[in-house]
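Here's the structure we're looking at; comments come further down.
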Amino acid sequence: MRTLNDVLRKKWIMTMTLIADSRIELPMLPSLADWQDTSATLHMWTQVAGKVRLVLSPDINHGWGSTLYVTTRGLTTSPIPYGNFSFAIDFDFIEHVLRITTTQGTCRSFALEPMSVANFYHKTMQALRELGIEIKILARPVEVEVAIPFEKDEQHSSYDAEAVTRYWHILVWVDRIFKEFRARFIGKVNPVHFFWGGFDLAVTRFSGRTAPKHPGGAPNVAARIMEEAYSHEVSSAGFWPGTGLGEAAFYAYAYPTPAGFNTYPVQPEAAYFHDKLGEFILPYEAVRTADNPAQALLSFLQATYEAAANLAKWDRPALERKVVQT
């Protein structure tokens, strides 16, 4: 009979084989200038879906009850409770369809194609009503400088299906690597999820200690939201498609930021500290073209975590999982 250690050892060997496999070819992502309009439009569409989940789902700490998740076809809200049934909103980036399904066996869908945010918003709310779901959301975006109400946003209306599919394939791969990194930590850590506010996929580790009150400052986000999101000390990393930088990149930061964080040596060589953002940055293109993309990203995640944990004196032996090696 196999013991638990045998199972863990086998899983560890399989994971190391995956990470060592340098044959994975990651897709190129168009420069932000080439798909910025599509990215901005998709950002707003995900906010509509995310806000539906936010209103109806339990208020899990740090906003975790409102996020989206990567799927084998796109992004999903996961099941949302409503009365005596549940429903989910799914972005299908293979067939390019928004699909709303319920546990009652009913479904509504419409094509994802060039359309304004206002049109998308009205179509989504109409589909929900047809499924018997009556809901009101705060219909304006967060974490953007100019918050045009969804029903009035005719400005964002682009949809480049090929670019979206490439972006989603990247999310699938990043989700895979982030989950491997998450598995190495036994302290409090979020499920790998997609924050529709910042339009980023993220994984965050917690020291277990409370943090100083966050000063706020995110555009169109109430201070109380930021205070709750950063109520405890964190080391966080994520991936976003380029807003603010002009290129897709991975990021890593700590809150509160310990002294010396910005000069801590990190890997790989292409990583650097962005003074204006206050975060470590690793361009996606540097990972995509690395001999071993998975190892390049994992080294960045581990090094930036160690920068936060070592400088802030986290209890690392109590928080990190010991890997069973052979």
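Structure above, values below:
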read-out: Ala307, sole failed condition from (1) touching a residue at least 12 places away in the same chain (Cβ under 8 Å); (2) small (Gly, Ala, Ser); (3) under 30 Å from Arg140 (Cα atoms); value: (3)
read-out: Count of residues meeting criterion [loosely packed, with under 15 Cβ neighbours inside 10 Å and touching a residue at least 60 places away in the same chain (Cβ under 8 Å)] in the range 310-326; value: 6
read-out: Any hit, the range 216-224, residues being out of contact with any strand residue (DSSP E or B) (no Cβ under 7 Å at 6 or more places or on another chain), exposed (fewer than 15 other Cβ atoms within 10 Å of the Cβ) and either closer than 21 Å to Arg288 by Cα or among the aliphatic types (A, V, I, L, M) (or both); value: yes
read-out: The range 105-122: number of residues that are in contact (Cβ under 8 Å) with a residue 24 or more places away in the chain and part of a loop (DSSP other than H, G, I, E, B); value: 6
read-out: Only listed residue being more than 18 Å from the chain's Cα centre (by Cα) and either closer than 24 Å to Trp168 by Cα or part of a helix (DSSP H, G or I) (or both), chosen from Glu269, Glu227; value: Glu227
read-out: Residue selected from the range 272-283 under the condition part of a strand (DSSP E or B) and of a type outside the set (Asp, Glu), by the criterion surrounded by the fewest Cβ atoms within 10 Å (Cβ to Cβ); value: Tyr272
read-out: Matching option when the condition is crowded, with 16+ Cβ neighbours inside 10 Å, at pLDDT 95 or above and not aromatic (Phe, Trp, Tyr), among Gly238, Gly242, Gly260; value: Gly238
read-out: Pairs, first over 22 Å from Gly244 (Cβ atoms) in the range 277-298, second of a type in the set (Lys, Arg), C-beta under 9 Å, six or more apart; value: Ala294/Arg176
read-out: From the options Gln126, Gln155, Gln104, residue that is modelled with pLDDT of 95 or more and farther than 24 Å from Val55 by Cβ; value: Gln155
read-out: Glu145 being surrounded by fewer than 19 Cβ atoms within 10 Å (Cβ to Cβ), over 11 Å from Met44 (Cβ atoms), at pLDDT below 95 and not assigned by TED's automatic domain parsing to the domain that holds Gly197; value: yes
read-out: Qualifying residues in the range 83-133 (those that are surrounded by 13 or more Cβ atoms within 10 Å (Cβ to Cβ) and at positive phi) - the one farthest from the chain's Cα centre (by Cα); value: Gly132
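The values are calculated or read from the model by the stated rules, or taken from the named source; none is laboratory data. Quantities reported herein were computed from a predicted structural model and do not represent experimental measurements. When we count neighbours, we look across all protein chains shown, and the Cβ atoms used for this are built from the backbone with ideal geometry, even at glycine.
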